[in-house]
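The values are calculated or read from the model by the stated rules, or taken from the named source; none is laboratory data. It should be emphasised that the depicted structure is a prediction, and the values quoted were computed from it without experimental measurement. Backbone-built Cβ (ideal geometry, glycine too); neighbour counts: all protein chains shown.
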Amino acid sequence: MALHNKIGDETNEVLAAQAHILNHVLNYVNSMSLKCAIQLGIPDIIHSHGRAMTRSDLVNALPINKSKGHECIYRLMRILIHTGFFIEGEEGYLLTPTSRLLLKNEPLNLAPFVQAHLDPILMDPWHSLGEWFANGDSTPFATAHGKPLFDYAGDDPRLNRIFNEAMESDARLIMSVLIKNGKRVFEGLTSLVDVGGGIGTVAKAISNAFPELKCSVFDLPHVVEGLEGGNNLSYITGDMFKSVPSADAILLKWILHDWSDEDCAKILKKCKEAIPSKENGGKVIVIDTVIDNQKGDDKSFETQLFLDVLMMVHVSGKERNEQEWAKLFSDAGFSDYKISPILGLRSVIEVYP
């Protein structure tokens, strides 16, 4: 029976289906409202106020055309309250633990991550996803912009900057958790190379926490150009597909999910060549997603699926479940691995030669 003939008998089912479709079509409203709040500086303005902030006080403090004030800000804040970024008490608006992560002076500030991923350059490829399925391009990003993401970033200083700032903000948060709850991962090591380590946020955190550990950041020339190291921190330029500097441990934070299984095997083999045997303390430390829908946390599982499709759109990578990781490590010649799910959506995987 055609769907329109069911309306009389199954009105609620049809309307629920329509609502489900509309909810997903309009999901971008949440993201873009959050971006707007950051652009306007709303979290910092409320924080600086020092107490609950009335809508009038917020409107007066915002750098906006006041004709768009009370009603429009009310509507913007209403959706942001609904999605958990702010709360509204009897005396006005207050921050939540989530919006505190968007404050400029917060050491674990994630605002750069939000702004980078919602930048038009990284959003445009989503409009090319359907076209990409029918063509021979490597990624929808390449379809939209004519070249792969990492090539584009190498040629575009603005994208390179906001991408590095996004990775830096993520690295600060992840490393603060890892050093607090997973310090044993680095104990006993005398040297470590952070492959694809960007501007060195991860390596700096490790070198500060373990002054006896010699850390090196290994990345492409346009990424580390002009950066200076310190007593136990250095920068090395190169290509991880050709060789990796030798060390007790190689760190790959959010690197392997950027690449196909074939490319990951190449990277891991170069890493294996760079470390000593397991008996002599050699290992590769992978910080990445292990897709897991067995924990009963639907929101986290959904976010991991979001990240997986994001990898398909922006680069040629994927998020992997444990079975896929195990095969990847085996194909690259490693003997064993250990997964520690201590980083929320991501895990630490210690891989042994």
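Some points to look at:
- Within the stretch 314-340, considering residues that are in contact with a Phe, Trp or Tyr (Cβ under 6 Å, 6 or more places away or on another chain) and surrounded by 14 or more Cβ atoms within 10 Å (Cβ to Cβ), the one farthest from K266 (Cα to Cα): H314
- Lone qualifier among R100, R161 - being in contact with an Asp or Glu (Cβ under 8 Å, 6 or more places away or on another chain), within 22 Å of K35 (Cα to Cα) and surrounded by fewer than 17 Cβ atoms within 10 Å (Cβ to Cβ): R100
- Within the stretch 187-200, residues that are part of a loop (DSSP other than H, G, I, E, B) reach partners that are among the hydroxyl-bearing types (S, T, Y) and modelled with pLDDT of 90 or more with beta carbons closer than 8 Å, at six or more positions or on different chains, in the pairs G200/Y235.
- Out of S176, S128, one residue alone is more than 18 Å from Y235 (Cα to Cα) and touching a Pro at 6+ places or on another chain (Cβ under 6 Å). It is S128.
- Looking only at the stretch 212-228, and only at residues there that are in a loop (DSSP other than H, G, I, E, B) and in contact with a helix residue (DSSP H, G or I) (Cβ under 8 Å, 6 or more places away or on another chain), the one that is farthest from P245 (Cα to Cα): L213
- Subset of the stretch 236-251 that is among the hydrophobic types (A, V, I, L, M, F, W, C) and assigned to a strand (DSSP E or B) - its residue that is surrounded by the fewest Cβ atoms within 10 Å (Cβ to Cβ): I236
- Subset of the stretch 67-82 (residues that are touching a helix residue (DSSP H, G or I) at 6+ places or on another chain (Cβ under 9 Å) and either surrounded by 14 or more Cβ atoms within 10 Å (Cβ to Cβ) or closer than 21 Å to S169 by Cα (or both)): G69, I73, L76, M77, I79, L80
- Matching residues, the stretch 264-287, being over 20 Å from S216 (Cα atoms) and either modelled with pLDDT of 95 or more or aliphatic (A, V, I, L, M) (or both): C264, A265, K266
- Residue, surrounded by the most Cβ atoms within 10 Å (Cβ to Cβ), within the stretch 105-131, restricted to residues that are without any contact (Cβ under 8 Å) to a residue 12 or more places away in the chain and part of a helix (DSSP H, G or I): M123
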